[in-house]
Amino acid sequence: MRAKLTLSLSAIAAILLISSIISVMEYRSMSSYVSDLIADDISSINVARRLGDMSNSYNLEILAVIGNESVSALPSFDDAYFLSHCDTLRSSMASNTIKPLADSVVYSYSSYMLTALELQDVLLSDFIDSRAWYFDRLQPRYERLNRDINRLSSAIYADLEKNSATFESGFYRSIIPGIVAVGVGLLLVIMLLVFLLSYYVKPVYRMLDALKNYRSLGKRYNVSFDGDDQLSELNEDITELVGENLQLRDRIRSMRAKAPGTEGKE
């Protein structure tokens with residue numbers, strides 16, 4: 001009986017333990033992978049915003065020079081920084097839809113910078129209207145560059161939303177083994193309860209009722225049930241003891257009947 005109960009409870013504990021380990025491992029694996037993707041997206045968004053701010057500041061500086069042609073120093077732009085971060089965006093993003101957008105930013109930037117390099121010649125020329133050059137040639141290229149940067153940022157935001165949704169769905173997927181284990185555990189508990197009630201509790205009550213009838217009414221103890229465990233041995237021992245006790249009572253009763261003086265008194 002002890003072995004059966006121990007085996008049943010150990011099976012429930014093992015199922016719950018294994019399912020918990022699977023859930024934890026699944027969640028940690030998924031969480032680590034998606035967290036890295038989300039961190040990359042956030043970093044890429046900051047980089048794209050920085051590139052947009054750089055190009056906007058440079059374009060405004062050129063406009064200030066156009067408005068005040070007496071300025072001696074021309075605006076400067078960190079070309080290596082801009083291109084290196086474009087390469088970073090292209091290599092760090094796993095999505096195939098973002099890499100072409102990063103290439104578009106590089107192409108737009110190259111076109112814009114080639115036109116911006118004409119600034120010195122435009123300022124020195126007596127035949128070129130600097131304002132017309134700015135608004136007709138440079139500004140459209142800047143607008144294209146700014147549009148491509150915004151498209152790149154929007155794509156990164158979309159990738160961030162997708163990864164966030166993946167993280168949420170992965171979380172629910174990781175707890176499914178735990179939910180299944182809890183359901184299986186509850187089913188096993190119910191089965192164990194039915195087993196205990198049918199094979200142990202009910203026979204004990206039958207044995208108690210039979211002993212009560214034997215002690216109060218003198219009825220013969222006659223309880224039988226299937227089994228080969230300690231409860232069955234106990235029932236057999238009780239049956240044997242009750243049978244011996246009944247035989248002893250019969251002997252005492254017969255001895256009293258044969259005792260001298262008993263007949264006369266009768």
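The values are calculated or read from the model by the stated rules, or taken from the named source; none is laboratory data. Just so it is clear, the model here is predicted, and its values are computed rather than measured. Heads up, the Cβs are rebuilt from the backbone with ideal geometry, glycines too, and the neighbour counts pull from every protein chain shown.
Please work out if I42 is aliphatic (A, V, I, L, M), surrounded by fewer than 16 Cβ atoms within 10 Å (Cβ to Cβ), under 16 Å from the mean Cα position of the chain (by Cα) and modelled with pLDDT of 70 or more. Lay out the reasoning, then the answer.
Values: aliphatic (A, V, I, L, M): yes; surrounded by fewer than 16 Cβ atoms within 10 Å (Cβ to Cβ): yes; under 16 Å from the mean Cα position of the chain (by Cα): no; modelled with pLDDT of 70 or more: yes.
The answer is no for I42.
Per-residue answers, yes or no, for (1) touching an Asp or Glu at 6+ places or on another chain (Cβ under 8 Å); (2) under 27 Å from A39 (Cβ atoms):
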position: R49; (1), (2): no, yes
position: E61; (1), (2): no, no
position: D79; (1), (2): no, no
position: S84; (1), (2): no, yes
position: T88; (1), (2): no, yes
position: L101; (1), (2): yes, yes
position: V122; (1), (2): no, no
position: S130; (1), (2): yes, no
position: A158; (1), (2): no, yes
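Mind listing whichever residues of segment 135-147 are surrounded by fewer than 20 Cβ atoms within 10 Å (Cβ to Cβ) and of a type outside the set (K, R)?
Narrowing segment 135-147 to residues surrounded by fewer than 20 Cβ atoms within 10 Å (Cβ to Cβ): 135-137, 139-141, 143-144, 146-147.
Residues satisfying the conditions are F135, D136, Q139, P140, E143, N146.
Could you please let me know if L114 is free of Cβ contacts under 8 Å to residues at least 12 places away in the same chain, out of contact with any Lys or Arg (no Cβ under 8 Å at 6 or more places or on another chain) and closer than 21 Å to D53 by Cα?
Values: free of Cβ contacts under 8 Å to residues at least 12 places away in the same chain: yes; out of contact with any Lys or Arg (no Cβ under 8 Å at 6 or more places or on another chain): yes; closer than 21 Å to D53 by Cα: yes.
Yes, satisfied.
Being closer than 30 Å to A13 by Cα, at pLDDT 80 or above, touching a helix residue (DSSP H, G or I) at 6+ places or on another chain (Cβ under 8 Å) and surrounded by 10 or more Cβ atoms within 10 Å (Cβ to Cβ) is true for just one of P203, P177. Which residue is that? Break it down stepwise before answering.
Details: P177 fails: at pLDDT 80 or above.
The conditions single out P203.
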* **In segment 206-231, residue surrounded by the fewest Cβ atoms within 10 Å (Cβ to Cβ) [restricted to those that are more than 18 Å from L246 (Cβ to Cβ) and at pLDDT 80 or above]** => L208
